[in-house]
Every structure is written in C-alpha cells, then in structure tokens.
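Below: one structure, written as structure tokens.
The values are calculated or read from the model by the stated rules, or taken from the named source; none is laboratory data. Fair warning: this is a prediction, and the values are worked out from it, not measured in the lab. Cβ atoms come from the backbone with ideal geometry, glycine included; neighbour counts cover every protein chain shown.
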Amino acid sequence: MRILVLDTPDGQLQPLIKAFESATRQNDIVEAVNSADRIMKKLTAGLPWDLLVMDYELGDGQTGGEHILSDIREIGPDMPIAVVADHGDVDIASRAIQAGASDFLVRTGDLANRVATLLKKIRPHLNLLNHNRILREQNMILQAATSDRYRIIGESSQMLAVIDKVRRVATIPRPVLIIGERGTGKELIARAIHTASGEADRPMVVINCAAFTDSLLETELFGHERGAFTGADNQAYGKFEVAGNGTLFLDEIGNMSLSFQRKILRVVEYGTFTRVGGSSEIQVNTRIVAATNSDLKQLIRDGRFLHDLYDRLSFEVIEVPPLRQREGDIAILARHFLNEFMKEIPSLSGKHLSQAALDLLKTYKYPGNIRELKNIIERSAYRDTTNEITPEDLGLLPEKQPEIKGNTFYEKVEVFQKRLITDALATAGGNQARAARTIGLSYHQFRYFLKKYGGPQIVGATG
C-alpha cells in the first residue's frame, strides 16, 4: 500500500504519520509532503497512491482542506481519501464527506487503534480497485478484438479442413496447438477459435514468447509482487490474470527455454501459478492456444522441447498449410487484399489485377506466405500508375540478364569468360591473385585468360 500524507509546514500531523508507519506492513510506503502543490505533483506523476490523508481544517496551513479536497477529486475521483480533524465534530465530518472524503478520522487520543481500523477497512476497497483495473484492461482488449472482423479468407479444400477443425474444437475447453510456417495466419486461426468458442465476450490476450528473455517472460505471464526485484515498486498482474476465463495465445512457443517450459507445464496441467516474488498460488481457468513455426517433434528428439508439454498442449493440433499449397486461394486472397487496401486509401480506388498478374502470382512460392502476399499486393497498388496492376507492378519478375554477344555457342562462352575475368579484376582492385581466388582459378590460369582476352594490364598489380 502507498500512503501519501499532507502535513502542515509546522508538522502538526507527525504523530499521525508515525501511527501509520507503525500500523502498515513491511512493504507499505508512507510519505509526507507539506504543500498542496506537492500533493498535486505527487498524484499526477509516477506510481499511483492507494490512500491520501489530510487534515480537513488545517489543509496545508495556507489553503483550506475543502479547497484542496475539491482539486484532488478532479484528478482522482475514485482515490480513497481519509480526512482527519483534532476532535470528533459531526458537522466537520459531514462537510468533509460531502466534499469527497472517503473516511473521517480523529487524530487525537488512541491513534494506533484508529489507524489500524482504518487500514483494515480500506484494504478490501483497494483490492476491489485492483480488480476493476483488470476489468478495464480486459474491456480494452475486448473492444480491440471486436473492432475488426477476423475472417478466414479462402475456399481451398486445405483451408476448409482447417475451418472444420476450428469449429469442432472451439467449444471444447482444452489447449490447442497451431503449427505452420511464418505468415500463414496462425494468430488468425487462434482468434477464430476464441470467437467460435461461445465465450467471445471474454478477453483474448496475445503474447509473443520469442520477444522476451525467460525472466521478462515470467513477469509478463505471471506478474510480480511489489519488491520482487529492483524497480518492482508495486504489484503487477500477468497475462494469465488479465486473460482470466478467456483465451491466452502463446505465439512462438518453440522458442521457450526448457526451464521455462517446465513452469508453463504446471499452469497448463493444474491451472495454478505464483507471481514472481510471491508465495501463494493463484488459480486461473484460462484457455491456452499455442502456436509455432518450429518442428516441435524434432525439437523433442533434440532434447530442446518437453514431451510432456507437447502432450498437454496438443489436445488438438491444427496445421495451417502454406499458401503455395492452398489450391485456388491465391487469387481470392489477392483480390481481397487489394479491395481492403483501396478502402483504406481511397485515392488508389478503381484498380484491378490483370490476368497476367494473377497468373504470375499463382506461380510464386511465397516464403513469407499470406503476409508476403498482402505486402506484394499493397506495394503493387501503390506502384501502379494506371487502373490495371500488371506483372511489372508486382515486382516478382526476374531481373533481365544482359545479352551475351556472339553468334555461336563457343563465341558466347568466350565473351562470358572475358566478362568474368574483367569483373573479377575490377572487384579485386587490380590484385590478380585475389581476383583469381574469387572465381576459383589458380593464379597462372587467371594470367592465361587475362593475356588471352587482352584484359586491362593494371599498373602496379600484384601477384
């Protein structure tokens, strides 16, 4: 708990501050400031405060407590504020509560018991505020998820089989493993599972396991307690708690170290974990959907992936086919990406793909799969200066090689050999021995061809 006290310049609230310091727990913080300006700066910068304590009558010695309380409520409408006075006056207490105070405390007499009672009363309220913070974060995730329509585009038999698996497994609350090359749309499949689960109003949280070291990934997934490490100034919730009863998508799970795989195994198997720096177990009912472009079975054989974790994650395994194997889907996806891009940028509207461009797209291998196709289509729409996108706009045509002069086969070979010798010598800066090595010739062979073709005699060239 972080407690901020507004004291007066002459320190009239020092006994109260000492009472809070005695009543708080080891990791709690009690800090005092003695001006309204300092209070406002503290409340608007850095970590949030859990409780503000101030004297309603004295304020900061210059500005009255009622005015300060009004200013604070404008920036922190939900913040617990305990107003104190040196005697129990019903009228003061009533005016303080009406002005926005959460509690009223008499700062004379048995302070220790009064402060302990106040803290016991306010801690459940703080837990509720933390719970509300989680709900707000979950709502933000839900709004982002529902702002787009996650549709699987394609009519190939390969993708229809994937969609059928998604439909059947979506309502079964068990882990799913999605396997596929980079850019095949594994996250899209995970979102489709979540949406079709019947629990789409619950959050779906995504984390890329390859983007974090083990220590950072542990904090990201499990959260941490205050003081767990340097810089951990307050408690933080991990992605498992944020996901709650929704879906947690673990992308690139094949990049996890063996030691971290063991930690994930426990959550998958028992649904429990502890925050970093914590001791109590937390129970969650989060559905896990994992994805990888690695060959997990080969990693298991190599001793780099736990067989037990694979077994727990693979209640159902969905293999997303690479784009080159999706019969008939390339043209459908290409037109879809073009239409979406023109909607996003109206100045590029009215374009279409020529048949020659579509034919070329169908022959390309797409090492980057759907993501690469989308980039190709958007770049071609940008490059095109007419309304028809041609093969030249796609940027997939091989570079045209310069024509080799000569009429017969042997004449063309000699022209090509001469070009190799000349280019190698130029690249080596005139060093004949280095030029010979770059094209796999001995020094004497190189000298022979150089003399044969009348190549440039570089002054000062070394052997």
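Whenever a residue of region 85-113 is assigned to a helix (DSSP H, G or I), its partners that are surrounded by fewer than 14 Cβ atoms within 10 Å (Cβ to Cβ), lying with C-beta atoms within less than 7 angstrom and at least six residues away or across chains, give the pairs Ala99/Ser70; Leu111/Pro15; Ala112/Ser22.
If you go through region 338-388 and pick out every residue that is under 27 Å from Val320 (Cβ atoms) and touching a strand residue (DSSP E or B) at 6+ places or on another chain (Cβ under 6 Å), you end up with 3. Of the helices (runs of 4 or more DSSP H) lying entirely inside region 238-336, those containing at least 2 residues that are in the same structural domain as Met204 (by TED's automatic domain parsing), farther than 23 Å from Phe222 by Cα and in contact (Cβ under 8 Å) with a residue 12 or more places away in the chain span 296-301. So which residues in region 375-414 are part of a loop (DSSP other than H, G, I, E, B), at pLDDT 85 or above and among the acidic types (Asp, Glu), if there are any at all? Result: Asp384, single match.
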